[in-house]
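Here the structure is laid out as structure tokens; the discussion comes afterwards.
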Amino acid sequence: MMKRVSLLITVPVNPRPVAPMEGLIGGPRYTRLRAEADEFRRGLGGRCIWNINSTATGGGVAEMLQALVGYVCDLDVPVRWTVIGGDPDFFAITKRLHNRIHGTAGDGGPLGAAEAEHYAGVLAANAGELLGEIRPGDLVLLHDPQTAGLAAPLVAAGATVVWRCHIGVDWEDDTTRAAWEFLRPYLTAAHGHVFSRSKYVPSWVPAGAASIIPPSIDPFAPKNQELDRDTVRAILATIGVLDGGTPTKPGRYVRGDGTAGEVTGTATVVGERLPGPDDPVVVQVSRWDRLKDMAGVLRGFADHVAPAGPGYLMLVGPEVAEVSDDPEGAAVYAECVAQWRELPAAVRARALLVTLPLDDVDENAAMVNAVQRHAAVIAQKSLAEGFGLTVAEGMWKRRPLVASAVGGIQDQVVDGTGILLADPGDLGAFGAAVRGLLDDPDRADRMGRAAHSHVHETFLGDRHLLRYAELFGKLLSRTGSR
Ligand code: UDP
């Protein structure tokens, strides 16, 4: 339940038990997390950490906050999560900023004085409400362009403010510079700036002034929790993507709030034949977004994977509603269906387009989990990618990845943990990499195990929290709040 107080929404923060983490990350890492949390709590002296973003559900940022804020709460560090409000014009402007930071024009609209005035006005109204609650010395973590305009008023009110950008590209051009020029005046007030990778730091941020903190995945979330083989098969048979006969057990999982869940919904499947439980399946899980290049995966599979040996392809994404707030999603999905229809019959029978229902977020996550766990090879043939959570998710499940060397994927698929494609448009190279792994399950296993270890070492929540604690500790001493 959420409480709406005019513009702001307070997202209820439920503790997410940290204790189960010990079995996973081991005693020393767990002890360090607890010890750092204790020290950090003492340094905070009763002050609070605020997370401020623009949505409580949907999207990678909200998913990460659900987990991290819950863990921080369980670690007894005072933490709050607030969602700002705005009108459609405000969100049209921030979506424009989002697209341009990614180097695309988006709706092509302006980012001039009128937009700046509107943007600042909406955030001033949000700041007005926040100032009634945030106290001097509190630590505020602002997420993404939607909240950048809060930095100056919150700093003026005595808060220590960090702006955390979850998006970016490895290069700059006129499009990205236009977005940064718009945001820059709002951001200079912040005490710290955080990016997911060093190449995303815009050139106007002084060298060394930005912190690099990559995202993380939650190993206990429905998306990533351990599922045994029969549960995976049961979920896949239930949703209708596996020809497994009647499942031997129900597709049970643990919901985000710790209660028991069972997958009962079904996917929408475009396909002619379902793989059997032992058929190798190549999977790409993505939104239906051109930059994810689902069409290229289908073409690469048809031309270079299927003709050379056995195996199926599943392209898996969220359902695209008839009236969708993401019109591009519906168009991209329709293009993939049209392309699938044109495939030669023999290949068409081995490729499936799968859309997963979104009405129950936990159940959708459990479906994604099962699909990823079942995959013989996971593809992420994106043309651009901020971080690519799907990559870490697949690697965590010990799957070998064939992924494009773009954006944050390059930080994840490191030596021996998968195959990086230097040119995402080279379908022959993509096909050869996928085929090679399908034909060499031992190598695929080795890569999958190395992939799991890399995520275990680098991209779990304790690492993420410690990096924040280190940054916040430094800033609190610098701002004299400690
Ligand atoms: N995802 C999902 N259901 C779907 C398709 C995707 O939950 O049907 C999730 C996926 O598991 C991942 C997120 O959406 O957690 C996508 O994040 P990513 O960083 O890979 O790409 P983005 O969509 O943010 O560009």
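Every number here is computed from the coordinates shown, using simple stated rules; none is lab data. Since the model is a prediction, treat every value here as computed from it, not as a measurement. Note that each Cβ is placed from the backbone with ideal geometry, even for glycine, and that neighbours are counted across all protein chains shown.
Numbers below:
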| read-out | value |
| --- | --- |
| Estimated 222 nm signal from helices in the chain, with DSSP H stretches of n ≥ 4 weighted -39500 (n - 2.57), rounded to 500 | -13000 deg cm²/dmol |
| Rg over Rh [alpha-carbon atoms, Kirkwood Rh] for the stretch 248-350 | 1.02 |
| Beta bridges per DSSP with both ends in the chain, % antiparallel, nearest 5 | 20 |
| Values of log10 I(q)/I(0), in the order q = 0.21, 0.24, 0.26 Å⁻¹, for the stretch 426-471 under a Debye, Cα-only, solvent-free model | -0.73, -0.82, -0.88 |
| Peptides 34-40, 468-474, 284-290 ordered by average Cβ neighbours within 10 Å, highest first | 284-290, 468-474, 34-40 |
| For the stretch 99-127 versus the stretch 142-203, the gap between their alpha-carbon centres in whole angstrom | 13 |
| Per residue convex hull volume, Cα atoms of the stretch 222-273, in Å³ | 86 |
| Under 5 Å, built H, 5+ apart or other chain: amide partners of V402 | I378, A379, Q380, I419 |
| Pairwise Cα inverse-distance average, inverted: Kirkwood Rh of the stretch 362-407 (Å) | 11.0 |
| Restraint check, K249/K397; K223/K292; K223/K381; K249/K381, Cα-Cα greater than 28 Å | K249/K381 |
| The stretch 264-311 versus the stretch 434-482: alpha-carbon centroid distance in Å | 28 |
| Cα gyration tensor category, rounded, prolate or oblate, for the stretch 295-380 with a/c compared to 1.5 | oblate |
| Exposure proxy order (Cβ contacts within 10 Å, fewest to most) of T31, T458, T147 | T31, T458, T147 |
| Principal axes of the stretch 1-60: Cα extent on each, largest first, Å | 45, 29, 18 |
| Calculated P(r) tail over 14 Å for the stretch 48-114, as whole % of Cα pairs | 67 |
| For the chain: Kirkwood Rh in Å [reciprocal of mean 1/r, alpha carbons] | 23.4 |
| Alpha-carbon Debye profile of the stretch 1-138, log10 I(q)/I(0) at 0.10, 0.12, 0.19, 0.20 Å⁻¹ | -0.46, -0.64, -1.14, -1.19 |
| Percent of alpha-carbon pairs separated by more than 22 Å within the stretch 62-218 | 42 |
